[in-house]
Each structure stands twice: as structure tokens, then as C-alpha cells.
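The values are calculated or read from the model by the stated rules, or taken from the named source; none is laboratory data. Note that the structure is predicted; figures quoted are calculated from it, not measured. Counting neighbours? That spans all protein chains shown, and the Cβs are built from the backbone with ideal geometry, glycine included. Just the protein is used for accessible areas: all its heavy atoms, side chains included, with ligands, DNA and RNA removed. Shrake-Rupley method; radii C 1.70, N 1.55, O 1.52, S 1.80 Å.
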Amino acid sequence: MKAFSYTIKDEVGIHARPAGNLVKLIKELGSSVTIEKEGKPPVSGTALMKLMGLGVKCGDTIKFTIEGGDEDASAAAIEEFMNANL
């Protein structure tokens, strides 16, 4: 299991377009990914509506947990995506 946290820098937070692209990326990975915001239950990284339901805003920190497959490569790909888009 590999985990990392990321603080959202985008002024709008996680909105439709980057959320959809993040879900698409996670579906292509060989690992199971969960996303968690403090005070909310963790959601699957492949569930777009649940991800949007977290209501992640600018300045919020979310935690990614990656299990199975190539965890290191999956975590690196997600972190790269987050840095480039959110």
C-alpha cells in the first residue's frame, strides 16, 4: 500500500473536467485507488460522482491510497497529474 496527500491549488477546487480526467487516469492504472477528504468517507478513484460529492475546494488536502499493481508508478502518475492540473 502506498499513500500520499495533496493540497488543492486550483481556485475552483476539483471540478468536472479535471475530476473526469483524474478518474480516466485512475481507470487506466493497474492499482486500486481511494481518495479521502477529512470528515468524509473515502471514495473509489473510479467513481466520478462520489469524487465530485467530496466537495473538494482550493486549500483542501486530500489523501490518495494506492493498493495492488505497480503502486509506485501509479502514485507517481497520480501525483504528476495533480501537480499539472490541480
Restricting attention to segment 1-34, which residues are of a type in the set (Asp, Glu) and in contact with a Gly (Cβ under 7 Å, 6 or more places away or on another chain)?
-> none
Yes or no: Val56 hydrophobic (A, V, I, L, M, F, W, C), over 10 Å from the mean Cα position of the chain (by Cα) and open to solvent by less than 60 Å² (accessible area, probe 1.4 Å)?
-> yes
Scope segment 26-36; condition open to solvent by 20 Å² or more (accessible area, probe 1.4 Å) and either over 10 Å from the mean Cα position of the chain (by Cα) or polar (S, T, N, Q) (or both); matching residues = Lys27, Glu28, Leu29, Gly30, Ser32, Thr34
Helices (runs of 4 or more DSSP H) contained entirely in the chain, each with at least 3 residues that are touching a residue at least 60 places away in the same chain (Cβ under 8 Å) | 16-28, 71-85
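Take Ile66 and decide whether it is farther than 24 Å from Glu11 by Cβ, in contact with a strand residue (DSSP E or B) (Cβ under 7 Å, 6 or more places away or on another chain), surrounded by 19 or more Cβ atoms within 10 Å (Cβ to Cβ) and not acidic (Asp, Glu).
yes
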